[in-house]
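Heads up, the thing below is written out as structure tokens.
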Amino acid sequence: MNGKNYYSRRFFLKTSGALAALAAIPATVKSFYMDAKRLIIPPRQKQPLIVKVNKQTHKLDVDTRTTLLDLLREDLHLTGTKKGCDHGQCGACTVHVNGERVLSCLTLAATLPGKEVTTIEGLADGDQLHPMQAAFLECDGFQCGYCTPGQIMSAVACVKEGHTKSVAEIKEFMSGNLCRCGAYNGIVASIQKVAK
Amino acid sequence: MKPFSFSKSDKVSKALSAKKEAVQFLAGGTNLVDLMKKNIAVPDGLIDITAVLSDKVEAQSGSTRIGAMVRNSALATDPQILAKNPLVAKAVLAGASPQIRNMASTAGNLLQRTRCPYFYETSTPCNKRKPGSGCSALHGEQRMSAIIGYNDACVAVHPSDLCIALAALGASVNVTDKGNKQLVIPFKDFHKLPESTPDLDNHLPKDAIITSVDIPDNPFNKHFAYVKLRDRDSYAFALVSVAAALDLDGTRIKEARLASGGVAHKPWRWQKAEQYLKGKEANAATFHAAAAIVADEVKPLPGNGFKKVMLMGAIETALQHCLTA
């Protein structure tokens, strides 16, 4: 009873008790964390949503906070629509709702049932580019290309609205789309080409 | 963004009875959604009221009624507005971008919050965002700040263009309150000065809904102008803006209307200058004298003295444009 490997009953109880407590801690901490989280951070609220994008109907379950922009990119994987400022100042997220150009970053997805969304992916007819897409290629309407989907969606609406009587009018009615590369001259030329 | 509940209403009365303290109404959303992203507006719930409000411009006897849900782009191209109140269309087109005008509603335009940079920067004090925290702009960047009607509590300005035209034309705001009572608020009394409550922009009763805006029939559809000066040619908020309109008898001014944006906590009518213009010959000397009257009234802050000179020029230019437009 005096060898090196002697463990007392007391030692065994202490150690095994401590180990058991240690094993129990993670679950306790986790539930405490979850309780605190529920108290501090309100739970997200999801709603079923039926939305029509590029003539296709989608049924989803989305957080009420979801903007049309995030719905397109994150849920429907239509990443052609770009997130620039996410605050309605740059126009990179421009899409059409019921045929009119709007900012998808300021449109809540929950407001969309009953409306039709068209994005840059829905503009071409199969492999046949929309005339505005072709004009942007031809007139160098872009450099880096990040603002381009928004520019093209806005340009298509600009022509449809008939705001193409002069360069000044085109610039005024395209002022909601910023291009940091400065491809503005090519963009105006593209619009003039399609408007003719 | 804080999680929130979302519901759609199909009747004004239903929307009003569903409205709770921390719930907000949603129309165009161009301002509210942005403010929610920045945690400046933190509602527990949104009630979409786009379906309950009129989106029509209608002729009434003696006035034109603009439904609360008439989008800015529809307002700017409406044949009745262009014929009877073209100044309104001019002002609307000077604001925002085509995309935003396609979304934004008439009533929402009245209720948009200031674009004072400190209101948007949540790490700085702002009495409008957090009552009692102080005004950062008072000793800060004042390029976008007020030059009249401000106090130590707040030097922010109202950002709307549409409202400047509505103020000039003496419009009124039709409201349904929580108890379903209809109220009419004259436009000049709708927005307020900061006083001791800069967190409140206007006198819209709590939990009430704007249902329409009325513009009385007026003789200002021939000689009018909207001049907006800003940091870039388009798609920027006004440093100063001027809505001007003249009712002329030959070259004599029968009546004048003059209002400005970018100068005060509310759309500002220059009544002294209007009074001066009455009965005068419409010429450069008269316009210069009217601008001088306005210049005497304003008190720029240390950081925006340029606005006084800019405003004088804008007023003279706008009045001159009334003769050529």
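Among the residues making up region A:43-80, those that are more than 14 Å from chain B (Cβ to nearest Cβ), touching a strand residue (DSSP E or B) at 6+ places or on another chain (Cβ under 6 Å) and open to solvent by 70 Å² or more (accessible area, probe 1.4 Å) are A:Lys52, A:Lys59. When A:Cys90, A:Cys85 are checked against the criterion of being at pLDDT 85 or above and in contact with a Gly (Cβ under 7 Å, 6 or more places away or on another chain), A:Cys90 stands alone in meeting it. Annotation note: of B:Ser13, B:Ser17, B:Ser54, the sole residue that is assigned to a loop (DSSP other than H, G, I, E, B), more than 14 Å from chain A (Cβ to nearest Cβ) and among the polar types (S, T, N, Q) is B:Ser54. The residue that is most open to solvent (accessible area, probe 1.4 Å), among those in region B:117-135 that are within 15 Å of B:Asp201 (Cα to Cα) and more than 20 Å from the chain's Cα centre (by Cα), is B:Lys130.
How about region A:100-118: which of its residues are outside any strand (DSSP E or B), in contact (Cβ under 8 Å) with a residue 12 or more places away in the chain and surrounded by fewer than 23 Cβ atoms within 10 Å (Cβ to Cβ)? If the condition is that a residue be outside any strand (DSSP E or B), in contact (Cβ under 8 Å) with a residue 12 or more places away in the chain and surrounded by fewer than 23 Cβ atoms within 10 Å (Cβ to Cβ), then A:Leu112, A:Pro113, A:Lys115 are the ones that fit. Please list, ordered by first then second residue, the pairs with beta carbon atoms under 7 Å, 6 or more apart or interchain, first in region B:107-126 and in a loop (DSSP other than H, G, I, E, B), second aliphatic (A, V, I, L, M) and open to solvent by less than 20 Å² (accessible area, probe 1.4 Å). Listed by first residue and then by second, the contacts come to B:Arg113/B:Leu35; B:Thr114/B:Ala156; B:Thr114/B:Val157; B:Cys116/B:Ala137; B:Cys116/B:Ala156.
Give me the residue from region A:149-181 that is of a type in the set (Ser, Thr, Tyr) and free of Cβ contacts under 8 Å to residues at least 24 places away in the same chain and, out of that set, most open to solvent (accessible area, probe 1.4 Å). Please lay out each step first, then the result.
Going residue by residue through region A:149-181, those that are of a type in the set (Ser, Thr, Tyr) are A:154, A:164, A:166, A:175.
With the extra rule that they be free of Cβ contacts under 8 Å to residues at least 24 places away in the same chain, the set shrinks to A:166, A:175.
Details: A:Ser166: 53, A:Ser175: 19 Å².
Checking each candidate, the answer is A:Ser166.
Being hydroxyl-bearing (Ser, Thr, Tyr) and open to solvent by less than 60 Å² (accessible area, probe 1.4 Å) is the filter here, so list the residues in region B:256-276 that pass it. Explain how you work it out, then say what you get.
Filtering region B:256-276 down to residues hydroxyl-bearing (Ser, Thr, Tyr) leaves B:260, B:276.
The answer is B:Ser260, and nothing else.
If you go through region B:225-255 and keep only what is more than 14 Å from chain A (Cβ to nearest Cβ) and open to solvent by 60 Å² or more (accessible area, probe 1.4 Å), you end up with B:Asp249, B:Gly250, B:Thr251, B:Arg252, B:Lys254, B:Glu255.
The values are calculated or read from the model by the stated rules, or taken from the named source; none is laboratory data. Note that the coordinates shown come from a computational prediction; the quantities given were computed from them, not determined experimentally. Neighbour counts run over all protein chains shown; Cβ positions are idealised from the backbone, glycine included. SASA here: full protein model, heavy atoms, side chains in, ligands and nucleic acids out. Shrake-Rupley method; radii C 1.70, N 1.55, O 1.52, S 1.80 Å.
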